[in-house]
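Below is one structure, written out as structure tokens; the observations come after it.
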Amino acid sequence: MTGEQDLATRPLAFQIHGLTKAFGSRKALRSVDLEIQSGKSLVIFGPNGAGKTTLMKILSTVMNPTSGTILVNGLDLKTHAWEIRRNIGIITHQTLLYGNLTGYENLQFYGRMFDVPDLETRIREIVGLVGMTARQHDRVATLSRGMQQRFAIARALVHKPSIVLMDEPETGLDQEAIPLLWNAMPDDSGRRRTIILVTHSLERGLELGDSIIILDRGKIVFEGVREALDLAGVQAAYRKSTSMSI
């Protein structure tokens, strides 16, 4: 069976129906419907205030939806949040690291929280993967922003999640480190993780996503697949679909 056929037989990683999030009278998300196949990558574009970060917070179990249903690998997010969280890695423009701990100690903390087996070996692997072996025993607060973000990538992957949520993950990374981020995305068996990426770079998103959506004012206003799109087409769709120009 070919790789594409294998992907086609995988279950849905996300089934989202009627997702709404309200903050008082303001609706940040409005009846969002979305399905993402396991092992596929979805890229989310949209202007500031479109609801992108709100959506990511809900999918990562950090925030509760106002209404709607979300199944993650077949599990209801409302009743299986902890089990779902164990299968998700999160990379954002915030590192989610403790500055008074070393990079190694941060990875120990997160690894123990997720009961990672053979944790010392896993830390050596993941620190090497992000190129931070020589600095792993330095306090995070003393490291450059780019080095901190490398440890943030390691933190997100230390428990070998099947799903990775990324909200502007390249923030703070130097050009040498950006390929490390994408090289770390396959799991240990070489299979693709399910990835949801929020980015403002239309070119980067089109390169990395199997499919894309554009959010504006809390609604999906455009959906497309990479094979049917080029950069000019995505730019035109963005201009037409949103209340903001690029």
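In table form, for the structure just shown:
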read-out: Matching residues, the range 23-48, being in contact (Cβ under 8 Å) with a residue 60 or more places away in the chain and small (Gly, Ala, Ser); value: ALA28, SER31, SER38, GLY39, SER41, GLY46
read-out: Selection status of ARG155, surrounded by 22 or more Cβ atoms within 10 Å (Cβ to Cβ), modelled with pLDDT of 95 or more and of a type in the set (Lys, Arg); value: yes
read-out: Helices (runs of 4 or more DSSP H) lying entirely in the range 1-111 (those with 1 or more residues that are of a type in the set (Asp, Glu) and surrounded by fewer than 17 Cβ atoms within 10 Å (Cβ to Cβ)); value: 3-8, 81-85
read-out: Selected residue [crowded, with 20+ Cβ neighbours inside 10 Å, in the same structural domain as SER38 (by TED's automatic domain parsing) and among the acidic types (Asp, Glu)] from ASP167, ASP210; value: ASP167
read-out: Test: residue in the range 147-157 that is more than 19 Å from SER60 (Cβ to Cβ), of a type in the set (S, T, N, Q) and free of Cβ contacts under 8 Å to residues at least 24 places away in the same chain; value: no
read-out: Filter result (in contact (Cβ under 8 Å) with a residue 40 or more places away in the chain, surrounded by 19 or more Cβ atoms within 10 Å (Cβ to Cβ) and either assigned by TED's automatic domain parsing to the domain that holds ALA177 or not in a helix (DSSP H, G or I) (or both)) within the range 129-145; value: VAL130, LEU143
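The values are calculated or read from the model by the stated rules, or taken from the named source; none is laboratory data. Since the model is a prediction, treat every value here as computed from it, not as a measurement. So basically every Cβ, Gly included, is an ideal-geometry build from the backbone, and we count neighbours across all protein chains shown.
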